[in-house]
Amino acid sequence: DTGVSQNPRHKITKRGQNVTFRCDPISEHNRLYWYRQTLGQGPEFLTYFQNEAQLEKSRLLSDRFSAERPKGSFSTLEIQRTEQGDSAMYLCASSLNGGANEKLFFGSGTQLSVL
Amino acid sequence: DAKTTQPTSMDCAEGRAANLPCNHSTISGNEYVYWYRQIHSQGPQYIIHGLKNNETNEMASLIITEDRKSSTLILPHATLRDTAVYYCIVRVAPNNNDMRFGAGTRLTVKP
């Protein structure tokens, strides 16, 4: 169990550029979540996958955001035409199954700074 | 989902028990109480969860009142490494697929 891995740890970009983050969940975990966290706030849910299917998206996930999990393993989160308001920590989490005893395991996040 | 109310911050002396309260007065019968914590520069870490019975694991104890409108997370012997933001979350399982984190309680353990 190597934990949830996120890359890169830090990303600095200019407004208007596209960025892509990667998340490698714990192997055999079939659920994968993306969250966004700004300074002083708790994580906010963005979207989640069950295997390769994206089953739920928050209204926070504007059309500039897209997430994929093509083979039900790793996932990518892309932000197009970045804005300064996109600056945040992007967290990925995975779990083995849903249900009452679901435990989310989080990565250390990707810190995005949009200049 | 029911909303939760937690104090913004708390202090605790090293070696003493840390008792973190959470109010969830509108909780429904099928909603579970979860606790996570987030140490600086890391992602949140699962601590414990329960429905109506008190729960204990190697990290903490969870005490839920009989009416389920509030709960307390207990760290029996706090250490400096327990300094973190602690989140109390209620969610429906198995149908609800997202955890809604509030601002949490910033616990500072002091030597």
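Points to keep in mind about this one:
- B:ILE39, B:ILE27, ranked by accessible area, largest first (probe 1.4 Å): B:ILE39, B:ILE27
- A:ARG22 accessible area, 1.4 Å probe, all protein chains in place, Å² to nearest 10: 90
- A:GLU68, A:GLU44, ranked by accessible area, largest first (probe 1.4 Å): A:GLU68, A:GLU44
- Ordering B:56-65, A:86-95 by mean Cβ neighbour count within 10 Å, with the highest value first, yields A:86-95, B:56-65.
- Part-to-part distance (alpha-carbon centres) for the stretch B:1-21 and the stretch B:32-68, which is given in Å: 11
- Charge dipole magnitude, Cβ of K and R +1, D and E -1 - chain B, Cα centre, debye nearest 20: 180
- For chain B, diffusion coefficient by Stokes-Einstein and Kirkwood Rh (Cα), 25 °C, 0.890 mPa s, µm²/s: 176
- Listed residue pairs exceeding 24 Å between alpha carbons, taken from A:LYS11/B:LYS3; A:LYS103/B:LYS69; A:LYS103/B:LYS52; B:LYS3/B:LYS110: A:LYS11/B:LYS3; B:LYS3/B:LYS110
- Accessible area buried by the pairing of A and B, both sides summed with a 1.4 Å probe, works out to roughly 1600 Å².
- Overall form of chain A per C-alpha gyration tensor (a/c, 1.5; a/b vs b/c): prolate
- Accessible surface, 1.4 Å probe, highest first, among residues B:TYR46, B:TYR87: B:TYR46, B:TYR87
- A:ASN30 paired with A:HIS10, simple spin-label distance in nm, labels 7 Å along Cα-to-beta-carbon: 3.9
- Rounded to the nearest 20 debye, the dipole magnitude of the stretch A:24-115 is 80 debye, with +1 charges on Lys and Arg beta carbons, -1 on Asp and Glu beta carbons, and the Cα centre as origin.
- Histogram of C-alpha separations across the stretch A:69-115, 5 Å bin width, %: 5, 16, 20, 20, 17, 12, 7, 2, 0
- Normalised alpha carbon radius of gyration of the protein assembly as shown [divisor 2.2 N^0.38 Å]: 1.03
- Binning all Cα-Cα separations of the stretch B:1-52 at 10 Å, short to long from zero, yields these whole-percent fractions: 18, 47, 30, 5.
- Isolated Cys in the protein assembly as shown, by beta carbon distance under 4.7 Å: B:CYS12
The values are calculated or read from the model by the stated rules, or taken from the named source; none is laboratory data. Since we're looking at a predicted model, the values are computed, not measured. FYI the Cβ positions are ideal-geometry reconstructions off the backbone, even for glycines, and counts take in every protein chain you see. Heads up: the accessible areas ignore ligands, DNA and RNA and are worked out on the full protein's heavy atoms, side chains in. Shrake-Rupley method; radii C 1.70, N 1.55, O 1.52, S 1.80 Å.
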